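What follows draws every value from the coordinates through simple rules; no lab data is involved. Values in this document were obtained by computation on a predicted structure and should not be read as measured data. Cβ placement follows ideal geometry from the backbone for every residue including glycine, while neighbour counts extend to all protein chains displayed.
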Amino acid sequence: RTRYGFVFQGAALFDSATIADNIAFPLREHTQLDEDEITKIVTELVAEVGLPRVVLSKKPVELSGGMRKRAGLARALALDPHLVLYDEPTTGLDPIMSDVINELILRVHQRPETTNVVVTHDMTTAHKVADRIIMLYPLSRLKENESQIIFTGTPEELDISTDPRVRQFTEGKAGQRLNELREEQIENQSIFSANANDQENDHE
């Protein structure tokens, strides 16, 4: 467990604890370090993710979304993990703060023997931080015996993919999906009408 770090989409910080205590939590739970050593590590981690030391005494509610994300990253790095998992790390952030997070992900990747796995719908993030990209298709839209993996390769290979499903997502176009949604709406309306007619017949 201590070999893995997880950065939650919503940071998942303890609301009643200070940022210092949030970051220190895994150190207190999984190590035998004394408080002086823990304080030293927490201070170093805060600096590594670009937060001022003043945030250490603050509660999560007092921080912006971007600052909470960085505090969450600091906590994920506390045990010096070999694998760091990021769940939608730039969701809800403006473009500038999103790029700050992307740069931090790249910095973490430079740590010795550290691998990043990033789950994201943000193609800017995917292109910037990934060595390799795997694109999954929604299970509900797969045909029988069709693989959920519709692309695997480098960002450069993604850019020249000719798969229409890949192109639709990377270009951000509704395309066939809009037609599918219309068909679903018509089908739902038909089901609703049929149920309404059945209820009327039951009352006759």
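I want to verify the translational diffusion coefficient of the chain in µm²/s; compute it with Stokes-Einstein, Rh as the Kirkwood radius over Cα pairs, at 20 °C and 1.002 mPa s.
On the way: Rh = 20.0 Å.
Result for D is 107 µm²/s.
Among the trypsin sites (Lys or Arg not before Pro) within the range 91-163, which fall in a DSSP loop and have no more than 14 other Cβ atoms within 10 Å of their own Cβ?
Details: sites: R107, K128, R132, R141, K143; in loops: R132, K143.
The qualifying sites are R132, K143.
Using a Förster distance of 25 angstrom, determine the FRET efficiency expected from the C-beta separation of Q32 and R3, and round it to 0.05. Don't skip to the end; give the middle numbers.
Working: r = 17 Å, r/R0 = 0.69.
Calculated value: 0.90.
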*For V61 and H82, calculate 0.36 nm times their separation in residues minus their Cα-Cα distance, and state this gained length in nm to one decimal.*
4.6 nm
*Working out 0.36 nm times the residue gap between K143 and S16, then minus their Cα-Cα distance, what length gain in nm do you get to one decimal?*
41.0 nm
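Once you have a ≥ b ≥ c as the square roots of the Cα gyration tensor eigenvalues for the range 33-104, tell me rounded if a/c is under 1.5, and otherwise prolate or oblate according to whether a/b is larger than b/c.
Details: a/c = 2.24, a/b = 1.40, b/c = 1.59.
Oblate shape, in that a/c is at least 1.5 and b/c is the bigger or equal ratio.
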*What relative contact order, as a whole-number percentage, does the chain give when Cα pairs under 8 Å and 6 or more residues apart are counted?*
18 percent
*What spacing in nm lies between the two simple spin-label points modelled at E171 and I96, each 7 Å away from Cα in the Cβ direction?*
3.3 nm
*What helices in the chain pass both tests, a Cα length along the helix axis of 20 Å or more and a mean Kyte hydropathy of -0.5 or higher, using whole DSSP H runs?*
95-109
_Compute, for the range 4-130, the length of the dipole vector about the Cα centre, with Cβ point charges of +1 (Lys, Arg) and -1 (Asp, Glu) only. Units Debye, rounded to 20._
220 debye
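Which net charge results when you count Lys and Arg as +1 and Asp and Glu as -1 among the other residues whose beta-carbon is under 9 Å from that of H82? Intermediate values should be presented prior to the final figure.
Numbers: positive: R3; negative: D80, E113.
Taking every Cβ under 9 Å from that of H82, the sum is -1.
If you keep only loop residues by DSSP, which trypsin sites (Lys or Arg not before Pro) in the range 1-84 have at most 12 other Cβ atoms within 10 Å of their Cβ?
On the way: sites: R1, R3, R28, K40, R53, K58, R68, K69, R70, R75; in loops: R1, R3, K58.
When the trypsin sites (Lys or Arg not before Pro) of the range 1-84 are filtered for loop state and at most 12 Cβ neighbours within 10 Å, R1, R3 remain.
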*Please give the length that would be gained between L136 and L106 if that part of the chain were fully extended, namely 0.36 nm times their separation in residues minus their C-alpha to C-alpha distance (nm, one decimal).*
8.5 nm
